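The values are calculated or read from the model by the stated rules, or taken from the named source; none is laboratory data. Remember, it's a predicted structure, so these values are computed and weren't measured experimentally. Please note: Cβ atoms are built from the backbone with ideal geometry, for glycine as well, and neighbour counts cover all protein chains shown. Quick note on the areas: whole protein, heavy atoms, side chains included, nothing else; ligands and nucleic acids left out. Shrake-Rupley method; radii C 1.70, N 1.55, O 1.52, S 1.80 Å.
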Amino acid sequence: MDKPITAGQLKEKSLFQDSDGNTAPAKSVCHNCSKLKIFLGALAFSFFAKGFSGSYMKSMSSQIERRFEISSSIVGIIDGSFEIGNLMVMVLVSYLGSRVHRPKVIAVGCLIMSLGAFLSVMPQFLMGRYNYERITVTVDNSTSVSACSPPSSVGRPVTDATETPSAMKNFGCEKTTNSYLWLFVLMGNLLRGIGEAPVMPLGVSYIDDFSKEENSAFYIGLVRSSGMFGPTLGFLLGSFCASLWVDIGIVDIDFLPALKKLFGNPVFLVYIFLTILQYNSLVGLITYETKFMEQQFNVSVARAIFLIGVILLPITILGMFLGGFLIKKFKLHITEMAKFACITFIVAYLLNLLYFMCSCEVLQVAGLTAPYSGLKHLSSPKNNFMASCNADCGCKLDQWDPVCGDNGITYMTACFAGCKSSTGTGKNMVFHNCSCVEGQVHGLGNSSAVLGQCQRESCTKAFPYFLALQTACAFILALGGTPTYMIMFRSVSPDLKSFAVGIETLGGRVLGGLPAPIYFGALIDETCLKWGTKNCGGSGSCRVYDTKAFRNVYLGLIAGLRAGCCLLYIVLSVLIMKRFKPDGKEMTNIKNTEISTSKEPATANKKEILPGARTSEENEETYM
């Protein structure tokens with residue numbers, strides 16, 4: 001079991017204690033450094049595992065929404081369940097810190113994470129075959145399928161698309177436990193959050209305690225950047241899957257005083273507020289970035305996930321690694337780290353404002369965002385999907401299988417386009433004699449439509465510029481990430497490092513990671529123009545968004561949150577420069593913060609022992 005250590009013992013990391021309590025040079029026990037390297041490797045793998053599962057779940061948000069027919073708000077709640085589980089145990093495990101055997105606690109957390117990941121995938125094996133929403137067509141011959149059937153073949157004439165006979169409304173309705181299987185995903189995320197709680201605070205504080213001061217930042221940056229390979233492979237797996245069809249001890253009670261001591265530190269307090277805002281912007285961005293790319297730039301979900309995995313995440317890894325390397329190379333003091341982090345974030349924020357220049361027009365959907373030009377509407381003003389060109393087709397309003405007409409207009413289904421016949425099968429199906437398309441192209445008589453939404457050329461052309469801008473912003477933000485993180489370690493007393501990491505993670509997750517997906521999703525839902533309809537009634541997932549409103553809401557939220565971060569970065573830099581002397585030494589009042597640690601029990605005055613070390617009776621001291 002790890003034993004507590006005092007700030008005085010950590011002050012000079014180059015000295016170690018022998019069995020008699022005498023100090024010895026670090027070189028005399030350098031043979032034990034291999035044990036620390038083993039721990040670094042194990043911790044890096046833990047970071048990889050949690051990043052892998054977390055990024056895969058993030059990349060599957062759109063698929064989860066469609067598979068369970070739920071809204072973006074519920075997807076946000078499912079995503080936020082991870083934060084709920086994390087906050088349930090974060091304070092406890094972070095406060096215990098050096099009072100427990102940290103490697104063993106991290107190992108237990110990894111087992112819980114694996115159980116949560118297993119639980120999250122259970123619905124795929126419990127649910128029945130996935131029924132994709134397709135229009136009902138009648139086969140006239142071997143090469144033609146009629147989407148527009150006469151009234152006699154589908155029942156009484158439909159004069160208003162909102163009117164649906166009760167017999168047809170409940171056709172194919174099956175209320176089964178499948179409707180609630182998304183709760184498995186929610187509970188799995190909850191367990192993953194519980195299991196991940198000890199990995200970050202106990203792991204990084206353990207490294208900082210047992211490594212030389214000049215190597216601490218480099219090791220932490222190395223572990224965190226190595227862990228980013230997990231999200232990279234997670235997004236790559238998500239991209240591949242998205243392209244597949246779905247069927248293939250005693251707790252010390254000096255807790256409150258320690259908490260008061262942390263929040264009495266103005267630098268740490270501002271850092272916490274900064275972390276909360278950063279969590280909000282980052283979590284909101286990660287959760288809905290693939291949806292934004294899909295809706296804004298006509299990029300498929302599979303391609304969006306792939307690009308994030310092979311471009312953005314490697315760039316982020318490089319930035320994090322380089323940030324830690326620069327601290328080691330130039331031996332940056334806390335004041336220099338604060339200035340560096342502040343400048344990089346402000347530069348990234350200014351580049352972030354250029355996102356608003358990547359504009360894209362709204363998808364033109366007949367009866368929704370575009371009229372049936374020159375044709376008489378038969379439905380109410382609220383639902384203008386019915387026109388004289390498709391009045392005799394018996395189209396159903398609750399269907400969504402879009403087709404793109406020759407006129408560049410998207411129609412909800414081939415039926416709403418008034419198509420009379422078709423050729424081909426599957427993705428290659430082409431509909432012909434489409435009366436609604438024909439009426440808008442001056443009656444050429446051979447109007448046709450193909451499956452899928454119409455492409456928006458201006459959106460597709462703007463995507464490479466958006467991706468390049470996003471790559472630059474990701475690199476600059478990651479470059480200042482490690483210096484920002486090290487500010488927390490250098491601004492609190494050594495005995496509170498683990499607790500500080502826990503409080504920082506808890507605050508970010510509770511006030512950032514938990515609410516951000518929910519309110520981001522709720523505001524994005526407000527930009528929906530057309531909701532899907534479930535077989536059993538009620539709205540399903542969104543079919544069409546107002547892309548302009550979507551862009552303003554999504555980018556506006558991120559820009560607003562990061563504007564607050566810029567202000568807090570400036571305040572944090574000013575506080576650090578006032579609190580620390582120019583010669584790199586802390587103010588006298590900072591040095592005196594360790595007085596209370598002298599009241600620790602005598603057993604707390606020994607250094608921690610690395611796991612698996614021999615005792616002093618075997619004449620091999622392994623104190624680090």
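Between a first residue in region 281-294 that is open to solvent by 10 Å² or more (accessible area, probe 1.4 Å) and a second residue that is of a type in the set (Ser, Thr, Tyr), which pairs have beta carbons less than 6 Å apart while being 6 or more apart in sequence or on different chains?
Lys291/Ser62
Has region 52-64 got any residue that is touching a strand residue (DSSP E or B) at 6+ places or on another chain (Cβ under 9 Å), buried (at least 20 other Cβ atoms within 10 Å of the Cβ) and not polar (S, T, N, Q)?
no
Which of the residues spanning region 562-582 are aliphatic (A, V, I, L, M), surrounded by 20 or more Cβ atoms within 10 Å (Cβ to Cβ) and farther than 14 Å from Lys339 by Cβ?
Residue satisfying the conditions is Leu568 alone.
Can you spot a residue in region 500-511 that is in contact with a Pro (Cβ under 8 Å, 6 or more places away or on another chain), modelled with pLDDT of 85 or more and at negative phi?
yes
Regarding Leu244, is this residue part of a loop (DSSP other than H, G, I, E, B) and surrounded by fewer than 16 Cβ atoms within 10 Å (Cβ to Cβ)?
In short, yes.
Pick out the one residue from Asn178, Asn189 that is at pLDDT 85 or above, polar (S, T, N, Q) and over 14 Å from Phe489 (Cα atoms).
Asn189 is the lone residue from the list that is at pLDDT 85 or above, polar (S, T, N, Q) and over 14 Å from Phe489 (Cα atoms).
So in region 342-365, with the set limited to residues that are touching a Ser or Thr at 6+ places or on another chain (Cβ under 7 Å) and either at positive phi or modelled with pLDDT under 95 (or both), which one is surrounded by the most Cβ atoms within 10 Å (Cβ to Cβ)?
Applying the filter and picking the extreme gives Leu363.
State all residues of region 533-545 that are farther than 11 Å from Glu69 by Cβ and over 23 Å from the mean Cα position of the chain (by Cα); if no residue qualifies, say none.
Gly537
Could you pull out the residue among Ser81, Ser153 that is at pLDDT below 85, outside any loop (DSSP other than H, G, I, E, B) and of a type in the set (Gly, Ala, Ser)?
Of Ser81, Ser153, the one residue that is at pLDDT below 85, outside any loop (DSSP other than H, G, I, E, B) and of a type in the set (Gly, Ala, Ser) is Ser153.
Just the residues that are surrounded by fewer than 24 Cβ atoms within 10 Å (Cβ to Cβ) and modelled with pLDDT under 85, please, taken from region 390-405.
The answer is Ala391, Asp392, Gly394, Lys396, Leu397, Asp398, Gln399, Trp400.
Which ones in region 325-338 are touching a helix residue (DSSP H, G or I) at 6+ places or on another chain (Cβ under 6 Å) and either open to solvent by 20 Å² or more (accessible area, probe 1.4 Å) or at pLDDT below 90 (or both)?
Lys328, Thr335
Enumerate the pairs (first residue in region 344-370 and closer than 20 Å to Thr471 by Cβ; second residue anywhere and in a loop (DSSP other than H, G, I, E, B)) with beta-carbon separation below 6 Å, excluding pairs fewer than 6 apart on the same chain, so at least 6 apart or on different chains.
Note: pairs meeting the criteria are Thr344/Gly480; Phe345/Gly480.
Tell me whether region 504-525 contains one or more residues that are over 22 Å from Phe489 (Cα atoms), polar (S, T, N, Q) and open to solvent by less than 20 Å² (accessible area, probe 1.4 Å).
no
Would you call Leu40 open to solvent by 20 Å² or more (accessible area, probe 1.4 Å), at pLDDT below 90, out of contact with any Cys (no Cβ under 9 Å at 6 or more places or on another chain) and closer than 19 Å to Gly227 by Cβ?
So Leu40 fits the description; yes.
So which residues in region 203-226 are buried (at least 24 other Cβ atoms within 10 Å of the Cβ) and among the small types (Gly, Ala, Ser), if there are any at all?
Passing the criteria: Gly203, Ser205, Ala217, Gly221, Ser225.
Against the condition touching a Pro at 6+ places or on another chain (Cβ under 6 Å), of a type outside the set (Lys, Arg) and either assigned to a helix (DSSP H, G or I) or surrounded by 20 or more Cβ atoms within 10 Å (Cβ to Cβ) (or both), how does Ser458 come out, does it pass?
No; evaluated as a whole, the condition is false for this residue.
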